[in-house]
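> Here you go, one structure.
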Amino acid sequence: MAKHRGRGVATINYPIGMNLGGDPSQALVHSNPSGKFTVALSSIDLGQGMKSVTRQICAETLGVPVDDVYVDTADSDTGPHCMGSFASRGTHRVGNAVMTAAREARGVMLEAAAEELEVDPGDLETDGKGSIRVKGAPHRSISVRDVAIAAQFRQGKTISGRGIFLVPLSDVDPETGEMSPATCYAHACLIAEVEVDDETGDVTVLKMNSTYEIGRAINPKLVEQQLVGGSWMGMSHALYETPEPYYPNTRDGPRDFNEYLMPGPGDICPHDITVLERPAPDGPFGAKGPGEMCANPVLPAVANAVFNAVGVRINDLPITPEKVLRALKARAGSPAARTR
Amino acid sequence: MLEFRKDIFADERDDNLIEVGQPTARQDILGHVTGTSPYYDDHRFGNLLHLKILRSPHAHARIRSIDDSAAARAPGVKRIIRAADVPVNLNTLLSLIQFGKDDEPSLASDVVRYKGEPILGIVATSERAAIEAMALVRISYDQLPAVFDVEEALKSGAPSVNAAYPKNTFEYYGKYDHQKLRYGDVDAAFKQAEIVVEDRYQMSPIEHAPTETNGSIAVPDTNGRFIVYTSTQALFFSLDTSAKINAMQSNQLHFIGGTVGGGFGGKVDTLTEPLSILAARLTGAPVRYRFGRHEEMQFGSPRGAERIYVKDGIMKDGRIVARQVRCYFDSGAYTRLSSYAVVKCTAHIPGPYTIPNVHADVYCVFTNRTPATAMRGFGVTAVDFAMECHIDKGAVAVGMDPLEFRMLNMYRDGDMKAHRRQAKNTALIECAQVTAEKANWPLRDEFRRMSSRTGGSLERGGVVDRTRAPALASAPKLAPADAGAGRTRVPSVAPPPVVPQRIAYERPMAAEPARAAPPQQPASRSVPTPSAAPPASSPAGSTHGAARFSSVFGTRRR
């Protein structure tokens with residue numbers, strides 16, 4: 001009886017946004033008279049950071065500090081339509097809509113600034129710190145705040161913008177499955193190292209090494225949050241979770257968190273993550289979306305590592321100690337094993 | 001630990017940005033860490049009523065009679081809601097995008113099709129009063145035969161689960177019981193393949209396990225409108241679904257979401273809003289309908305279980321020339337979103353690999369269990385599990401390192417995918433290289449030099465030739481006509497130059513660079529154990545061939 005170590009690898013890609021497209025999101029951006037901007041969305045921030053990502057995209061596009069942008073979400077009276085927060089679509093779809101809206105608002109802001117400075121709007125640039133200045137003549141500048149006041153009270157302009165992003169719905173050929181499922185894909189490779197106890201059937205994940213390519217990372221901390229949390233979920237899917245432990249038999253279903261197994265803090269392993277950014281041609285600043293795909297490589301990598309450790313293939317998830325032990329037992333009794 | 005490798009693909013990015021790329025703290029962080037971010041259930045109403053749902057104890061049964069008279073008289077009970085009270089009782093979620101037939105009632109009237117299906121709503125002054133009244137309802141059932149296995153459900157004579165789809169499969173394009181993917185000619189390719197690997201995979205159902213269960217509060221507003229506080233992941237999706245079921249105009253509903261205590265796909269289904277709104281309309285009071293933990297675990301829709309059969313045809317030089325997949329999505333008793341995931345799954349096959357012949361049939365199957373729904377990676381997670389375990393077996397069968405075997409077949413810019421769109425903006429080879437380097441997983445030089453941006457079939461005039469790893473260039477090349485590209489070409493008609501290429505894949509034991517060997521064959525392996533794992537990726541194990549493992553791993557060699 002012994003503990004065996006093994007490594008397994010998986011490489012995956014993941015489509016961004018709803019399959020086939022046809023999933024629009026809209027955004028409205030407007031300034032108050034003090035030059036503070038509001039982004040109005042009906043989109044939902046599930047905790048993944050959609051508000052932060054759209055806020056940074058808006059600030060970057062407008063050319064104002066992120067503190068001067070507030071993202072208001074999840075109200076059907078004030079936020080325009082959004083398909084929803086799923087299918088890794090938030091950063092890509094909502095981000096693009098916000099970018100379009102912010103670009104329109106920026107256009108009005110520069111026009112208003114140009115009128116105040118008596119120059120051509122094309123000669124102006126933002127400094128990202130709250131001022132608009134003449135290119136090549138930075139001493140000729142005006143604050144965004146003063147522009148907003150002038151636009152509102154003197155010029156009668158609304159510094160605002162509308163945005164929608166829609167990937168047109170693709171047809172599907174019923175005979176061949178020919179279709180345009182997605183416009184960009186995220187990528188990942190993950191190597192899991194496990195230890196398998198051949199007496200108890202327990203599988204312990206010791207270490208994960210991974211690389212995720214997610215297009216532009218709008219906010220690296222939020223990317224980290226997704227990738228760390230997602231790999232935990234992948235490990236949980238691989239080794240622990242199910243509401244129907246003897247599927248397709250429906251018996252023994254857990255009813256609460258005492259009965260539903262998930263890895264606890266002591267089961268989390270070191271995870272060395274590298275992020276690559278190959279910008280998506282149609283993503284906001286090249287962003288794709290790390291949300292869903294981060295869990296996916298963990299399941300097969302762990303299963304392959306179990307094989308590498310003890311030579312059994314568990315094809316049914318989750319890889320419970322019971323399944324490992326049954327497979328080891330079956331294998332020990334097989335003629336192939338005896339001849340080794 | 002997380003690091004960025006900004007050097008890779010740097011030439012494709014403008015990194016001269018100010019706000020984008022910054023680790024800016026989230027706008028709502030203060031609320032989150034001080035416990036003041038409002039969840040739907042943080043809204044307080046003095047006269048709040050509570051809706052609880054009486055659910056079916058049977059997986060399949062005909063309802064003969066319902067007697068709720070005692071429950072209606074029970075203390076605190078304000079209203080019983082029956083199927084007949086629901087303005088538009090039958091709905092399917094994707095009717096909003098004109099996909100599928102209305103097949104699921106908000107409240108069952110004649111037949112229950114899964115254990116836990118809602119039958120009656122009880123609105124009371126407290127959740128306790130509603131639950132106590134529930135015990136007074138008398139329902140008599142005639143139990144019907146039930147089916148729980150996706151393949152059993154497809155057999156003739158299986159119990160019919162869903163009245164809108166009596167054959168237990170979702171209907172595609174008005175004529176097929178599955179979604180097809182047809183690319184190239186798999187039959188011809190399997191005939192030519194030197195190794196065929198087949199296996200079956202089973203995904204488990206998964207509970208989303210959000211900290212906050214599904215729920216909503218509907219509040220009568222002035223002017224005939226209703227404000228709905230909800231945990232939904234998709235505000236307008238839920239609003240439009242609720243408007244349809246309640247036969248209301250969408251602008252009579254004001255949905256307010258916001259902070260959500262975990263979604264993961266489990267809060268797209270609009271499980272509570274239509275009935276909390278109906279209850280508020282019927283009573284004129286604010287009504288909360290929230291799932292208990294047991295309801296969330298067993299009757300809130302889970303990630304569905306997919307059963308996946310994969311068959312790969314492989315040449316001894318490592319090229320995968322054919323992949324056939326048959327996949328059954330267990331949708332449970334109703335469609336919800338599984339029909340959509342089937343198409344997404346089909347689009348994803350054969351994964352991030354350039355395989356010239358691909359054939360897939362993907363089914364959305366109805367069984368007598370809790371309807372499944374979206375979850376993180378919907379339509380893809382299970383098929384990735386199956387295909388990535390399967391390709392590992394292919395590597396063992398062909399005697400190659402599992403990562404190099406993948407990289408040889410990996411898609412690159414310009415490659416044609418099975419859904420007949422050209423790959424672009426790919427980056428998987430680089431992911432593999434970086435991960436291998438960190439993990440001390442030995443890759444030979446030619447694999448370390450590969451690039452997603454070069455060597456794709458666009459560059460090669462549309463010809464897919466996976467013998468193109470640089471070091472193999474000296475090996476005799478396949479004639480383009482035999483290389484198997486495009487939708488109708490049969491791959492590799494000419495047997496590839498087996499011997500030289502086979503040797504090229506053997507890892508030279510002594511020629512390994514100074515890089516440390518991976519800990520794949522730890523000391524403990526030398527202890528006698530039932531395992532004698534074929535460490536396909538280990539340098540020492542590279543002499544293993546397909547024949548040796550054929551009886552153990554279900555592979556066969558031609």
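Nothing in this text is a laboratory measurement; each read-out follows from the coordinates by a stated rule. Since the structure is predicted, the reported quantities are computational estimates derived from the model, not experimental observations. Glycine also receives a Cβ, built like all others from the backbone with ideal geometry; neighbour counts cover every protein chain displayed.
> Run the count for chain A, please: Lys pairs, Cα-Cα under 26 angstrom, 8 or more apart or on different chains.
Value for chain A: 17.
> Still on this structure, I have one more. Taking the simple approach of a point 7 Å from Cα along Cα-to-Cβ for both residue B:223 and residue B:72, what is their distance in nm?
Distance between the two pseudo-spin positions: 3.6 nm.
> Here is a further query. What are the lysines whose alpha-carbon lies under 29 Å from the alpha-carbon of residue B:52, with same-chain residues fewer than 8 places away excluded?
B:78, B:101, B:115, B:244, B:267
> Sticking with this structure for a sec: By the gyration tensor of its Cα atoms, with a ≥ b ≥ c the square roots of the eigenvalues, what is the shape of chain A: rounded for a/c under 1.5, prolate for a/b over b/c, or oblate?
Details: a/c = 2.93, a/b = 2.64, b/c = 1.11.
Taking the square roots of the gyration eigenvalues as a ≥ b ≥ c, chain A is prolate.
> Now for a separate question. Restrict the search to the range A:235-316; then list the GluC sites (Glu not before Pro) that DSSP places in a loop and that have at most 14 other Cβ atoms within 10 Å of their Cβ.
Counting only loop positions with at most 14 other Cβ atoms within 10 Å, the GluC sites (Glu not before Pro) in the range A:235-316 are A:259.
> Take chain A, connect every pair of alpha-carbon atoms lying under 10 Å apart with a spring to form a Gaussian network, then pick out the residue of A:110, A:261, A:299 with the largest mean-square fluctuation.
Largest GNM mean-square fluctuation: A:261.
> For the pair residue A:77 and residue A:154, what calculated FRET efficiency results from E = 1/(1 + (r/R0)^6), where r is the Cβ-Cβ distance and R0 = 41 Å, to the nearest 0.05?
0.85
> Under a crude label model (7 Å from the Cα following the beta-carbon direction), how far is residue B:15 from residue A:259 in nanometres?
Placing both labels 7 Å beyond Cα along the Cβ direction yields 5.3 nm.
> Now a separate question. Please give the FRET efficiency for residue B:97 paired with residue A:139, using the beta carbon to beta carbon distance and R0 = 56 Å, rounded to the nearest 0.05.
0.55
> Okay, next question. Under the Kirkwood approximation for Rh and a Cα-based Rg, what ratio Rg/Rh is obtained for the range B:215-298?
Rounded to two decimals, Rg/Rh equals 0.95.
> Right, something else. Taking R0 as 41 Å, what FRET efficiency do you get between residue B:437 and residue B:198 from their Cβ-Cβ distance, rounded to the nearest 0.05?
Numbers: r = 34 Å, r/R0 = 0.82.
E between residue B:437 and residue B:198, to the nearest 0.05, is 0.75.
> Sort the range B:49-143 into rounded, prolate or oblate with this rule: let a ≥ b ≥ c be the square roots of the eigenvalues of the Cα gyration tensor; rounded if a/c is under 1.5, and if a/c is not under 1.5, prolate when a/b is larger than b/c, oblate otherwise.
Oblate is the answer for the range B:49-143, as a/c is 1.5 or above yet b/c matches or exceeds a/b.
> Need the full-extension length gain, residue A:162 to residue A:1, defined as separation in residues times 0.36 nm minus the C-alpha distance. One decimal, nm. If you can, show how the numbers build up before the last one.
Details: separation 161, 0.36 × 161 = 57.96 nm, distance 6.63 nm.
Full extension from residue A:162 to residue A:1 adds 51.3 nm.
> As a check on your grasp of the helix formula, calculate [θ] at 222 nm for the protein assembly as shown: sum -39500 (n - 2.57) over DSSP H runs of n ≥ 4, divide by the residue count, round to the nearest 500. Present the calculation step by step, with values, prior to reporting the outcome.
On the way: 22 runs with 216 residues, N = 898.
Taking each H run of at least 4 residues, the total per residue is -7000 deg cm²/dmol.
> Can you list residues from other chains, or at least 5 along the same chain, whose modelled amide H is less than 5 Å from the amide H of residue B:168?
B:161, B:162
> Distance in nm between label sites at residue A:246 and residue B:45, each 7 Å beyond Cα in the beta-carbon direction?
Output for this residue pair reads 4.4 nm.
> Of A:113, A:27, A:186, which has the largest mean-square fluctuation in a 10 Å C-alpha GNM of chain A?
Of A:113, A:27, A:186, the Gaussian network model singles out A:113 as fluctuating most.
> Compute the Cα gyration tensor for the protein assembly as shown, then decide on rounded, prolate or oblate, letting a ≥ b ≥ c be the square roots of its eigenvalues: rounded whenever a/c is under 1.5, prolate when a/b is larger than b/c in the other cases, and oblate in all that remain.
Details: a/c = 1.88, a/b = 1.17, b/c = 1.61.
Verdict is oblate for the protein assembly as shown.
> Taking chain A as a Gaussian network, Cα atoms linked when under 10 Å apart, which of A:164, A:214, A:142 shows the biggest mean-square fluctuation?
In this elastic network of chain A, the residue with the biggest mean-square fluctuation among A:164, A:214, A:142 is A:142.
> Follow-up. Order the peptides A:169-182, B:151-164 from the highest to the lowest mean number of other Cβ atoms within 10 Å of their residues.
A:169-182, B:151-164
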